[in-house]
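Enquirer: Take this structure, written in structure tokens, and hold onto it; I'll ask about it next.
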Amino acid sequence: MLPVLVASADGEVRIADLVDRLAAKLNLTAEERAELLPSGKQTVFNNRVHWAKTYLGKSGLIESTRRGHLKITSRGQQVLNSHPSRIDNSFLNQFDEFRQFKERSARNISHDVKQLEPAFVGQTETPDEIVRVAHKQIDDSLAQDLLDRIRAAPPEFFERLIVSLLLSMGYGGSAADAGRALGRSGDEGIDGVIDQDALGLDRVYIQAKRYGNGNNIGSGAIRDFFGSLDRHKATKGLFVTTSTFSSSAKETAEFLSKRIVLVDGEQLTKLMIRHNVGCRIEETFHIKKVDEDFFE
């Protein structure tokens with residue numbers, strides 16, 4: 001927040017120019033500037049600068065002048081003249097306006113999310129990031145629940161799950177075709193074949209292992225799968241397991257001449273959540289911002 005306040009001391013400044021100026025001043029690399037939020041719609045640094053602007057504005061240290069522009073206030077100039085070493089939430093708590101803003105926000109945050117706040121030392125995370133941390137915790141809990149249920153289900157269920165997941169990801173022509181393809185269990189080391197496109201011009205050969213936690217897949221299983229692909233004159237394969245792959249298995253898959261993609265239990269549940277397989281949306285939250293065009 002201090003760099004944003006300092007940058008606003010030279011007079012009216014456009015927020016977009018402020019982002020670029022601060023990125024250069026802080027010597028951010030191209031990768032750091034381009035790092036995106038999980039939503040993929042905004043960079044992390046841009047998000048941080050905008051939240052700094054919001055907090056400074058709620059404290060009366062800066063003010064919006066016109067669309068996308070801001071400048072320092074007399075209070076903000078007084079703060080700079082005191083030469084603070086840093087400005088954070090604790091520093092801003094001296095201003096009644098900021099405390100009232102935080103109190104209003106706290107009343108609108110659920111008990112579960114409020115409990116996350118003490119974990120953030122110095123309150124350095126933005127509200128966007130706190131919400132995303134809470135969302136990740138919910139997803140992590142869901143992923144473990146999904147994995148436990150898959151391991152407890154019959155082997156046939158695991159095959160149907162892979163069918164549903166691949167169809168949701170855009171593979172296969174129809175559910176019936178995909179189901180028949182994946183039903184060829186024990187076919188010379190291949191647990192299933194599914195079309196990569198609707199016309200069947202390309203195919204993916206599948207190996208599925210429903211193992212418990214700690215029963216990891218080794219390099220021998222990967223080489224066996226490679227041999228099965230070779231017998232079928234296949235060029236690519238998908239190895240799915242509910243456990244994990246050893247480092248030697250990953251290295252073996254990387255250097256073999258055929259493309260073998262490994263999907264462990266963690267990645268499997270992430271794909272299920274992303275494509276709504278075995279789970280459903282319970283509630284949707286909309287994060288909104290001011291419509292500048294409306295006020296123009």
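Enquirer: For Ala52, are the conditions met, namely being farther than 18 Å from Val290 by Cα, at pLDDT 90 or above and aliphatic (A, V, I, L, M)?
Expert: Details: farther than 18 Å from Val290 by Cα: no; at pLDDT 90 or above: yes; aliphatic (A, V, I, L, M): yes.
No; evaluated as a whole, the condition is false for this residue.
Enquirer: Report whether or not Ile15 is in contact (Cβ under 8 Å) with a residue 40 or more places away in the chain, of a type in the set (A, V, I, L, M) and within 20 Å of Thr126 (Cα to Cα).
Expert: On the way: in contact (Cβ under 8 Å) with a residue 40 or more places away in the chain: yes; of a type in the set (A, V, I, L, M): yes; within 20 Å of Thr126 (Cα to Cα): yes.
Spelling it out, Ile15 is indeed in contact (Cβ under 8 Å) with a residue 40 or more places away in the chain, of a type in the set (A, V, I, L, M) and within 20 Å of Thr126 (Cα to Cα).
Enquirer: Looking at (1) touching a helix residue (DSSP H, G or I) at 6+ places or on another chain (Cβ under 9 Å); (2) closer than 18 Å to Asp191 by Cβ, which one does Ser228 not meet, given that it meets all the others?
Expert: (1)
Enquirer: Let me ask something else about it. Check every one of the helices (runs of 4 or more DSSP H) wholly within the stretch 243-296 and list those with 2 or more residues that are in contact (Cβ under 8 Å) with a residue 60 or more places away in the chain.
Expert: In the stretch 243-296, 265-274, 292-295 are the helices (runs of 4 or more DSSP H) which contain 2 or more residues that are in contact (Cβ under 8 Å) with a residue 60 or more places away in the chain.
Enquirer: Taking Tyr211 as the residue in question, decide whether it is aromatic (Phe, Trp, Tyr), under 20 Å from Met169 (Cβ atoms) and either out of contact with any His (no Cβ under 8 Å at 6 or more places or on another chain) or assigned by TED's automatic domain parsing to the domain that holds Asp195 (or both). Steps first, please.
Expert: On the way: aromatic (Phe, Trp, Tyr): yes; under 20 Å from Met169 (Cβ atoms): no; either out of contact with any His (no Cβ under 8 Å at 6 or more places or on another chain) or assigned by TED's automatic domain parsing to the domain that holds Asp195 (or both): yes.
No, not satisfied.
Enquirer: Report whether or not Phe239 is surrounded by 18 or more Cβ atoms within 10 Å (Cβ to Cβ), without any contact (Cβ under 8 Å) to a residue 40 or more places away in the chain, part of a helix (DSSP H, G or I) and of a type in the set (Phe, Trp, Tyr).
Expert: Values: surrounded by 18 or more Cβ atoms within 10 Å (Cβ to Cβ): yes; without any contact (Cβ under 8 Å) to a residue 40 or more places away in the chain: yes; part of a helix (DSSP H, G or I): no; of a type in the set (Phe, Trp, Tyr): yes.
In short, no.
Enquirer: With the condition kept exactly as written, say whether any residue in the stretch 281-291 is surrounded by 10 or more Cβ atoms within 10 Å (Cβ to Cβ) and at pLDDT below 95. Quick ask: steps written out before the conclusion?
Expert: First, pick out the residues of the stretch 281-291 that are surrounded by 10 or more Cβ atoms within 10 Å (Cβ to Cβ): none.
The answer is no; no qualifying residue exists.
Enquirer: Inspect the stretch 198-211 for any residue being outside any loop (DSSP other than H, G, I, E, B), exposed (fewer than 15 other Cβ atoms within 10 Å of the Cβ) and either on the phi > 0 side of the Ramachandran plot or out of contact with any strand residue (DSSP E or B) (no Cβ under 6 Å at 6 or more places or on another chain) (or both) and give the result as yes or no.
Expert: Within the stretch 198-211, the subset outside any loop (DSSP other than H, G, I, E, B) is 203-209.
Of the ones still in play, those that are also exposed (fewer than 15 other Cβ atoms within 10 Å of the Cβ) are none.
Among the residues of the stretch 198-211, not one is outside any loop (DSSP other than H, G, I, E, B), exposed (fewer than 15 other Cβ atoms within 10 Å of the Cβ) and either on the phi > 0 side of the Ramachandran plot or out of contact with any strand residue (DSSP E or B) (no Cβ under 6 Å at 6 or more places or on another chain) (or both), which makes the answer no.
Enquirer: Name the residue that is surrounded by the fewest Cβ atoms within 10 Å (Cβ to Cβ), counting only residues in the stretch 1-12 that are without any contact (Cβ under 8 Å) to a residue 60 or more places away in the chain and closer than 15 Å to Arg48 by Cα. Write out each step before concluding.
Expert: Start the filter on the stretch 1-12 by keeping residues that are without any contact (Cβ under 8 Å) to a residue 60 or more places away in the chain, which leaves 3-4, 7, 10, 12.
Those left that are additionally closer than 15 Å to Arg48 by Cα: 3-4, 7.
On the way: Pro3: 16, Val4: 25, Ala7: 19.
My answer is Pro3.
The values are calculated or read from the model by the stated rules, or taken from the named source; none is laboratory data. All figures in this text were calculated on a predicted structure; none of them were measured in a lab. Backbone-built Cβ (ideal geometry, glycine too); neighbour counts: all protein chains shown.
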